[in-house]
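The structure under discussion appears below in the form of structure tokens.
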There are 2 protein chains.
Amino acid sequence: MENFVYYNPTEIYFGRGQEEKIGEIIKKHGVKKILFLYGRSSIKKIGLYDKVVKSLKEVKIEFIEHGGVKPNPILSHTLEGVRKAKEFGAEAILGVGGGSVVDEAKAIALGVIVGEEELWSYFRHEKEIKEALPVFDILTLAATGTEMNGNAVITHDETKEKLYISSPLLCPKASILNPELTFTVPKEYQAYAAVDVIAHVIELYFSSDYCPKIQARFIEGLIKTVMETTEAILENPKDYQARAEFMWASTLALNGLAQIGFKGGGFHNHLLAHAIGGLYDLPHGACLSIVIPAWMKWWCAKNPSPFERFAKEVFGLSKAEEGIEALKNWFKKIGSPTSFKEAGLDEKAVEETAKITVQIALVWGLEKYYNFETTKEILMKALS
Amino acid sequence: MENFVYYNPTEIYFGRGQEEKIGEIIKKHGVKKILFLYGRSSIKKIGLYDKVVKSLKEVKIEFIEHGGVKPNPILSHTLEGVRKAKEFGAEAILGVGGGSVVDEAKAIALGVIVGEEELWSYFRHEKEIKEALPVFDILTLAATGTEMNGNAVITHDETKEKLYISSPLLCPKASILNPELTFTVPKEYQAYAAVDVIAHVIELYFSSDYCPKIQARFIEGLIKTVMETTEAILENPKDYQARAEFMWASTLALNGLAQIGFKGGGFHNHLLAHAIGGLYDLPHGACLSIVIPAWMKWWCAKNPSPFERFAKEVFGLSKAEEGIEALKNWFKKIGSPTSFKEAGLDEKAVEETAKITVQIALVWGLEKYYNFETTKEILMKALS
């Protein structure tokens with residue numbers, strides 16, 4: 001185990017009916033005026049919008065709304081939210097929706113403090129986050145783990161760079177996780193979510209120089225839970241227990257617990273996936289399932305050991321390559337694309353992705369692995 | 001998954017050299033005067049006492065010392081600490097030692113607020129904890145998980161009741177976990193610690209009406225890590241990686257993560273072990289290894305299913321009874337007693353234990369399971 005610091009102050013309210021407490025939870029934190037952020041119409045369709053408004057009004061919390069968060073949230077919409085929040089005098093941001101909404105909530109929470117002009121420089125890691133407004137959320141799509149971490153991902157409208165910020169100051173003060181609120185998540189989004197959760201836990205498992213056994217077991221357990229519950233959910237979208245265990249697995253996958261104690265390692269698959277997602281606005285999980293099998297084959301040649309363990313512990317298979325193939329086939333089975341072509345993209349997209357990858361790699365400190373040639377080589381294996 | 005609220009605000013500083021930061025960590029929390037609590041001589045022998053004093057003085061934190069915490073901390077010593085802390089004007093309690101020291105630190109932190117007269121009523125769950133001083137700790141023996149939870153166990157000198165308090169307000173503000181500081185833990189204490197950690201995760205795994213699969217996998221992973229690392233530690237007490245993974249497993253075993261989402265269940269083995277420990281001042285883990293096999297056999301007759309899973313997932317065995325026997329044999333192998341006789345106690349001890357169990361069961365809400373006859377019957381199976 002390498003040295004680490006672990007601190008995660010988010011209060012989690014998990015289960016049926018927890019969303020009804022949102023007003024009192026926000027009030028308990030001394031907040032009286034909020035920006036109420038959401039996506040498009042789904043929270044109205046499932047009656048959640050009304051519940052939230054009722055709960056806020058019950059405790060006299062004033063709010064201004066900012067709807068229209070995109071699935072891959074963009075800077076322009078974020079900055080609009082910053083302006084609204086500042087004008088209104090919002091003391092906190094409440095995000096109700098999927099990971100995209102919660103991420104944009106965090107970005108707005110920072111933007112209110114640092115200003116519209118400066119916000120993107122934080123995503124380029126040119127400045128250190130020192131303060132942000134409190135963030136609260138009610139999650140309607142479990143995938144990114146954002147409800148219990150300090151990360152947020154935003155895409156720059158013009159440059160198409162999909163970058164992240166990360167700070168304990170951005171951990172939500174409280175997050176409400178009611179699996180019932182995920183019942184209407186469409187099947188393909190459940191598939192993309194499953195890929196994202198698995199990706200979160202395999203990044204360091206595979207790319208680190210040393211993976212502690214305690215972490216390997218934790219991660220393998222989460223992967224098996226994700227696979228089992230996803231299949232159950234695709235069978236019956238209203239399977240509460242499956243939705244619940246999937247939701248908690250997705251929170252645990254990126255709340256810091258599966259990222260500590262490793263020696264080295266980085267989010268290589270996310271680097272490549274962000275490049276695709278920023279350019280082509282594909283769902284994040286779909287970008288990941290395109291790159292993961294190709295990346296795994298490439299990295300396995302450098303360090304087969306974790307891939308051998310993975311094949312055995314997760315799939316009961318004896319060879320590293322078999323494990324990679326099994327994971328790829330599982331992605332296909334649940335309906336997430338495993339090639340550029342499957343996602344309607346061609347060789348030109350591979351080239352463009354490689355170019356953006358190199359740019360992002362510099363920001364993320366992974367440039368030694370990903371020059372244009374190498375990146376193109378890896379991604380060509382994911383072309384069809 | 002049943003509804004739950006999860007909140008754990010402890011900052012964990014894990015790894016080599018982290019103890020040198022104690023002064024700045026306490027200072028960062030705005031604290032200037034502390035009660036410095038510890039056990040007997042071990043922290044001086046390993047040079048930790050000097051490091052702590054140096055670190056506190058470097059940032060001009062004033063402190064008063066209260067040494068002599070017993071392995072099963074007692075109320076009288078706790079109240080003495082409360083008096084010292086109040087007289088000195090301590091703003092926080094720093095516990096440096098094993099779980100006993102950290103528990104007593106939490107009890108003192110509460111006692112300073114509520115007063116010496118009232119403190120024991122909180123252990124009898126007659127009052128609700130509303131406030132406590134901040135607690136900081138440097139852990140020198142990994143077992144109880146107290147470094148990352150709000151629990152504290154104290155024994156009443158006269159009645160011999162070993163009771164607990166539990167509140168998020170008692171979670172340490174920061175805990176320092178350096179595996180090197182556990183290198184000199186004697187082999188039998190490592191054995192008792194291993195039993196305690198396993199006990200923490202099996203309580204709800206076995207006694208709940210429903211154990212979510214995500215929890216079952218998490219728990220089985222932790223048990224395997226505990227077993228593997230304990231054997232390595234008994235071979236080589238200075239195996240850093242083994243000590244490190246064991247330490248983190250012990251933190252994860254009782255920081256709340258392995259206790260959420262279950263339907264029903266209780267800390268049955270701890271109930272019985274507390275009764276023995278309060279009466280005979282045996283190490284907590286030793287009390288647990290005496291009762292666990294007998295309790296498992298008794299409960300398995302009511303609900304064999306989790307015991308079948310346990311046997312298969314942890315030991316690769318096909319029958320529930322075989323799994324129970326395997327665990328009992330493992331306890332023997334590492335040197336923790338599996339009968340009253342092995343611990344030098346006789347049938348009279350069984351009777352006395354049964355009596356106290358009934359009393360504590362009332363405080364813990366487990367009285368419907370444990371009348372005198374039933375308890376004696378279970379414990380007689382652990383006599384020899």
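The values are calculated or read from the model by the stated rules, or taken from the named source; none is laboratory data. Predicted model, so just to flag it, every value in this text is computed and none were measured. In this analysis, Cβ positions are derived from the backbone assuming ideal geometry, glycine residues included, and neighbour counts consider all displayed protein chains. In case anyone asks, the SASA skips ligands and DNA or RNA and just uses the protein heavy atoms, side chains included. Shrake-Rupley method; radii C 1.70, N 1.55, O 1.52, S 1.80 Å.
Numerical summary
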quantity: Solvent-accessible area per residue for segment B:246-382 (1.4 angstrom probe, square angstrom); calculated: 37 Å²
quantity: Spin-label pair B:Asn3/B:Leu383, simplified geometry with 7 Å Cα→Cβ offset, distance in nm; calculated: 4.7 nm
quantity: Residues of type aspartates and glutamates that B:Lys312 reaches as a straight line, Cα spacing below 14 Å, ignoring anything fewer than 8 places off in the same chain; calculated: B:Glu220, B:Glu321, B:Glu322, B:Glu325
quantity: Rounded to 5, the percent of DSSP beta bridges in chain B classed as antiparallel; calculated: 20 percent
quantity: Mean ellipticity per residue at 222 nm, deg cm²/dmol - from DSSP H runs of n ≥ 4 across the protein assembly as shown, formula -39500 (n - 2.57); calculated: -17000 deg cm²/dmol
quantity: Using a 7 Å Cα-to-Cβ projection, A:Val59 label spacings across copies, nm, ascending; calculated: 3.2
quantity: More than 11 angstrom apart: percent of Cα pairs within segment A:49-90; calculated: 69 percent
quantity: Label point 7 Å beyond Cα along the C-beta direction, distances from B:Tyr7 to other copies (nm, shortest first); calculated: 1.8
quantity: Stokes-Einstein D in µm²/s, Kirkwood radius over Cα pairs - segment B:1-83 at 10 °C with 1.306 mPa s viscosity; calculated: 106 µm²/s
quantity: Residues along segment A:229-261 losing 30 Å² or more of accessible surface when the other protein chains are present rather than the chain by itself (probe 1.4 Å); calculated: A:Gln241, A:Glu245, A:Trp248, A:Leu257
quantity: Per-bin percent of Cα-Cα distances, segment A:122-167 [5 Å]; calculated: 5, 17, 24, 24, 20, 10, 1
quantity: Those trypsin sites (Lys or Arg not before Pro) in segment B:267-330 that DSSP places in a loop and that have at most 16 other beta carbons within 10 Å; calculated: B:Lys319
quantity: Calculated label separations, B:Lys32, copies of the chain, 7 Å along the beta-carbon direction, nm; calculated: 3.2
quantity: Solvent-accessible heavy-atom area per residue, rounded to whole Å², over segment A:92-211 at 1.4 Å; calculated: 28 Å²
quantity: Percent accessible area from carbon and sulfur atoms, segment A:173-224, protein chains only, probe 1.4 Å; calculated: 51 percent
quantity: Fraction of antiparallel bridges per DSSP, the protein assembly as shown only, in percent to nearest 5; calculated: 30 percent
quantity: Nonlocal amide H pairs with A:Ile74, under 5 Å, H built at 1.01 Å; calculated: A:Thr155
quantity: 10 Å Cβ shell holding at most 12 others, DSSP loop, GluC sites (Glu not before Pro): longest site-free stretch of chain A; calculated: A:159-384
quantity: Hull volume in cubic angstrom per residue (convex hull over the Cα atoms of the protein assembly as shown); calculated: 155 Å³
quantity: Amide hydrogen neighbours beyond the local backbone of B:Leu383, cut-off 5 Å, H modeled; calculated: B:Phe340
quantity: Within a Gaussian network of chain B (alpha carbon springs, distance under 10 Å), most fluctuating of B:Pro186, B:Pro337, B:Pro293; calculated: B:Pro186
quantity: Global form of segment B:9-53, assessed from the alpha-carbon gyration tensor, a/c cut-off 1.5; calculated: oblate
quantity: Chain B: Cα Rg divided by the 2.2 N^0.38 Å rule of thumb; calculated: 0.95
quantity: Filter on B:Lys84/B:Lys130; A:Lys21/B:Lys27; B:Lys70/B:Lys333; B:Lys57/B:Lys173; B:Lys45/B:Lys341 - keep pairs with C-alpha separation over 29 Å; calculated: A:Lys21/B:Lys27; B:Lys45/B:Lys341
quantity: Projected label distance in nm at A:Arg83 and A:Glu131, using a 7 Å step from Cα toward the beta-carbon; calculated: 2.4 nm
quantity: Anisotropy class of segment A:234-373 from Cα gyration tensor, a/c 1.5 cut; calculated: rounded
quantity: Pair-distance profile P(r), taking every C-alpha pair of segment B:306-384, with 10 angstrom steps and integer %; calculated: 18, 32, 38, 12
quantity: Simple label model, 7 Å out from Cα along Cβ direction - B:Lys332 to A:Ser121, nm; calculated: 7.0 nm
quantity: Reference-scaled alpha-carbon Rg (2.2 N^0.38 Å with N residues) for segment A:191-303; calculated: 1.08
quantity: Threshold 30 Å², segment A:1-37 residues less accessible with all protein chains present than alone (1.4 Å probe); calculated: A:Met1, A:Asn3, A:Phe4, A:Val5, A:Tyr6, A:Tyr7, A:Glu11, A:Ile12, A:Phe14
quantity: Rounded, prolate or oblate (a/c below 1.5 giving rounded, otherwise prolate when a/b exceeds b/c) for segment A:126-214 by Cα gyration tensor; calculated: rounded
quantity: Residue of A:Ile93, A:Ile223, A:Ile46 that the Gaussian network model of chain A assigns the largest fluctuation, springs spanning Cα pairs under 10 Å; calculated: A:Ile46
quantity: B versus A: buried accessible surface, summed, Å² (probe 1.4 Å, to nearest 100); calculated: 3200 Å²
quantity: Residues B:Ser166 and B:Glu373, FRET efficiency given R0 of 30 Å [Cβ-Cβ distance, rounded to 0.05]; calculated: 0.50
quantity: Set of aspartates and glutamates with alpha-carbon distance to A:Lys332 below 13 Å, sequence-local pairs under 8 removed; calculated: A:Glu188, A:Glu231, A:Glu342
